[in-house]
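Enquirer: Here it is, the structure, as structure tokens.
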Amino acid sequence: MSTTATPGRIAFYSSLIIAIIPAILIWIFSKNILWAIVVLGGGTVFGYFVINFFLERFIYRKIKLIYKNIHRLNTEHLSSAEYQKDPISSVSAEVSSWAQERREEIALLKEQERYRREFIGNVSHELKTPIFQLQGYVHTLLDGALNDPEVNERFLGRAAKSADRLVELVNDLTSISQLESGIVQLKQEKFSINSLIKEVFDDLELATERRKITLGFKETSEKNLKVKADRSRIKQVLTNLIMNAIKYGRDKGTVLCGVYDMDKNILVEVTDDGEGIPDASLPRLFERFYRVDKSRTRESGGSGLGLSIVKHIIEAHGQSIHVRSKEGKGSTFGFTLQKAK
């Protein structure tokens, strides 16, 4: 049986309850069952029309107006017959839905505020270190070290490194901002991903010599696969991932790249045999300024934005990037690109 709270249903039950009282009193005192039935029936009918009139005129019309206003602001469409049938239930559902949406918006705003505070703190910290170093070297030189040939060249070299780090940080922040805002337009072209990887290997050859790390392709890797993407941006992605693999790989180890045909996409993987990444750090690895080992990362350089830029570039191509790692065994970063037809 339906329990819909329509005006007619409310009016009927209300008038019936009101009419029962005088009908019972008449039956008790006069013992006239006929008059009791007449009073009950007539009172119910009369009460029904009166109560229904006032409900429609002073309550339900206003509820319908409120519902229409809520409905007008809502993205989901409900037929007018629905709120005419049961405006109270419809308003209740709409208000519950609206409240849930507001809670989600408030939670999102709080999360964005937390992220903003964290981001500003990270930027301030990253900028403060090279600025203070640069300031210290320059003031030391101005205070007399400039005239000491054994000191001035060393301090000038350190000041230059601090300045280079500032420039790198600003450039990386600019790149992320442009990628997020869509200012940077991708220049899609067809090219061999295998050839691009070899090109990056050649560029990073000097970086591998000190630790005697070998660069190469996996035995299962396929050859001469072509992708459709922004070549310069994908080179930036590969350079970052391979350079990270060199930094965090083991001495005399290997960094291997794999290229695989995945039907409509091409999967590219970069694998090192280093110390790996703790499981707790994997979900946050692509966040801005997140560092697994802060002290070691600072010693090896970098702005802390490289992986975040990589993720933005891959997502700008409509593709995805992932990482799998096991401590003591190494890490593998993999991303997909559209296969060139």
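Taken together, the values in this text are just the output of simple stated rules run on the coordinates, not laboratory data. Keep in mind it's a predicted model, so treat the numbers as computed, not measured. With ideal geometry, Cβ positions are generated from the backbone for all residues, glycine too; neighbour counts draw on all protein chains shown.
Enquirer: Go ahead and run the numbers for FRET between residue 127 and residue 341, Cβ-Cβ distance against an R0 of 41 Å, rounding to 0.05.
Expert: Values: r = 46 Å, r/R0 = 1.11.
That gives a FRET efficiency of 0.35.
Enquirer: Taking the Cβ of residue 261 as the centre, find all other residues whose Cβ is under 11 Å away and add up their charges (Lys, Arg: +1; Asp, Glu: -1).
Expert: Details: positive: 223, 226, 264, 339; negative: 222, 263.
With Lys, Arg at +1 and Asp, Glu at -1, the net is +2.
Enquirer: Pairs 190/252; 247/341; 252/339; 218/326: which exceed 29 Å Cα-Cα? The partial results should precede the final answer.
Expert: Numbers: 190/252 35 Å; 247/341 36 Å; 252/339 34 Å; 218/326 19 Å.
Where the Cα-Cα span goes over 29 Å, the pairs concerned are 190/252; 247/341; 252/339.
Enquirer: Using θ = phi - 60° and the Karplus relation 6.51 cos²θ - 1.76 cosθ + 1.60, list the HN-Hα couplings for the range 173-187 in order, rounded to whole Hz, with x at every Gly or Pro.
Expert: Taking θ as phi minus 60°, the curve returns 4, 5, 4, 4, 4, 5, 5, 5, 7, x, 5, 6, 9, 6, 9 Hz for the range 173-187.
Enquirer: Taking 2.2 N^0.38 Å as the expected size of a compact globular protein, what ratio does the Cα radius of gyration of the range 147-247 give against it, to two decimals? Don't skip to the answer; put the middle values down first.
Expert: On the way: Rg = 18.4 Å, N = 101, 2.2 N^0.38 = 12.7 Å.
The range 147-247 yields a ratio of 1.45.
Enquirer: At 0.36 nm per residue, and after removing the present C-alpha to C-alpha distance, how many nm does the segment from residue 146 to residue 178 gain when stretched out fully? Walk me through the numbers on the way to the answer.
Expert: Numbers: separation 32, 0.36 × 32 = 11.52 nm, distance 4.03 nm.
7.5 nm is the gain from fully extending residue 146 to residue 178.
Enquirer: Something else about it: Under a crude label model (7 Å from the Cα following the beta-carbon direction), how far is residue 98 from residue 207 in nanometres?
Expert: 5.5
Enquirer: Where in the range 177-264 are there trypsin sites (Lys or Arg not before Pro) that are in a DSSP coil and have at most 16 other Cβ atoms within 10 angstrom of their Cβ?
Expert: Working: sites: 187, 190, 198, 210, 211, 212, 218, 223, 226, 228, 231, 233, 235, 247, 250, 252, 264; in loops: 187, 210, 211, 212, 218, 223, 250, 252, 264.
When the trypsin sites (Lys or Arg not before Pro) of the range 177-264 are filtered for loop state and at most 16 Cβ neighbours within 10 Å, 187, 210, 211, 212, 218, 223, 250, 252, 264 remain.
Enquirer: What FRET efficiency would be calculated for the residue pair residue 109, residue 261, taking the C-beta separation as r and a Förster radius of 35 Å, to the nearest 0.05? Don't skip to the answer; put the middle values down first.
Expert: Numbers: r = 44 Å, r/R0 = 1.25.
Efficiency for this residue pair is about 0.20.
Enquirer: Go through the range 173-265 and name the GluC sites (Glu not before Pro) that are in a DSSP coil and have 10 or fewer other Cβ atoms within 10 Å of their Cβ. Could you put the intermediate results ahead of the total?
Expert: Numbers: sites: 180, 189, 199, 205, 209, 219, 222; in loops: 219, 222.
Those that pass, being in a loop and sparsely packed, are 219.
Enquirer: While we're here: What is the extension gain from residue 25 to residue 164, computed as 0.36 nm multiplied by their sequence separation minus the C-alpha to C-alpha distance, in nm to one decimal?
Expert: Values: separation 139, 0.36 × 139 = 50.04 nm, distance 9.82 nm.
Here the answer is 40.2 nm.
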